[in-house]
1. Accessible area of segment 117-178 with a 1.4 Å probe: how many percent of it is carbon plus sulfur?
2. Any idea what the dipole of the chain comes to, in debye rounded to 20, about its Cα centre with Lys/Arg Cβ at +1 and Asp/Glu Cβ at -1?
3. Please compute the per residue accessible area over the chain with all protein chains in place, 1.4 Å probe, rounded to a whole number of Å².
4. Which loop trypsin sites (Lys or Arg not before Pro) in segment 85-151, with loop taken from DSSP, have no more than 12 other Cβ atoms within 10 angstrom of their Cβ?
5. So if I place +1 on the C-beta of Lys and Arg and -1 on the C-beta of Asp and Glu, and nothing else carries charge, what would the dipole magnitude of segment 29-101 be about its Cα centre? I want it in debye, nearest 20.
6. Report, to the nearest whole %, how much of the accessible area of segment 1-92 belongs to carbon and sulfur atoms, 1.4 Å probe, protein only.
7. Name the most mobile residue of A100, A46, A163, meaning the one with the largest mean-square fluctuation, in a Gaussian network model of the chain with Cα contacts below 10 Å.
8. Cα axis of helix 23-34 to longest principal axis of the chain: angle in degrees, 0 to 90, nearest 10?
Amino acid sequence: DDEGPPVVLRGDGIGAFVFGADPDQVLAGLTLRWGPPDGDSGWLDARSSPYGPCPGTVVRGVNWRGFTVPFSDGATPRGTAGTRHFFTWDYQVDDPTRPAPDRGGNRPALTTANGVSVGATVKTLQAAYGDRLELFEEPPGGPQFGVQTSEGGLYGSLTSLGASGIALSIVSGGGCGE
């Protein structure tokens, strides 16, 4: 059956859902497309979440096999403090020790508008984004990439900066961290 247009990874959200959207709407839409999530952290203390320190007082992460959509009630570039909203997404390869293109599982493999997904090589990233692609070392995280699209930034980790390096993750939005 036709499930509609593909859900595209964007610099300002995913598919039709932009950062700042209501969590219930995002979850309802993704669940309709992909079925129930594989995991849901529930609302947790934002300072000590499994995602690292996050903006706001609470954070929630819902995932579908390697793809996580975190929500926050903190001030982010697309949401105001005190309002729970979608603020980032994070897409990881299934097995970082043997990175390969994602087969999807209970959801399709996800790609950017330029056709890039986790498991793509640096050469593929360079072909898709040209001079806009930045490759750099980020201690202690290691090799990274970043690119500004018309919707916003896409970032991720790599196995190496060489042409055969593989994208271990692709991330967009505010994010959590140290």
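1. Values: 1570 of 3020 Å².
Roughly 52 percent, rounded to a whole number.
2. Details: 12 positive and 20 negative charges, 19 e Å.
So the dipole magnitude of the chain works out to roughly 80 debye.
3. Details: 8730 Å² over 178 residues.
So the chain comes to 49 Å² accessible per residue, rounded to a whole number.
4. On the way: sites: R103, K123, R132; in loops: R103.
For trypsin sites (Lys or Arg not before Pro) across segment 85-151 that sit outside H, G, I, E and B with at most 12 neighbouring Cβ atoms in 10 Å, the list reads R103.
5. On the way: 7 positive and 7 negative charges, 36 e Å.
Magnitude of the dipole: close to 180 debye.
6. 53 percent
7. A163
8. The angle comes out at about 50 degrees.
The values are calculated or read from the model by the stated rules, or taken from the named source; none is laboratory data. All values derive from a computational prediction rather than experimental measurement. Methodologically, a virtual Cβ is constructed for each residue, glycine included, from the backbone with ideal geometry; neighbour enumeration extends over all protein chains shown. Calculation scope for accessible area: heavy atoms of the full protein, side chains included, ligands and nucleic acids excluded. Shrake-Rupley method; radii C 1.70, N 1.55, O 1.52, S 1.80 Å.
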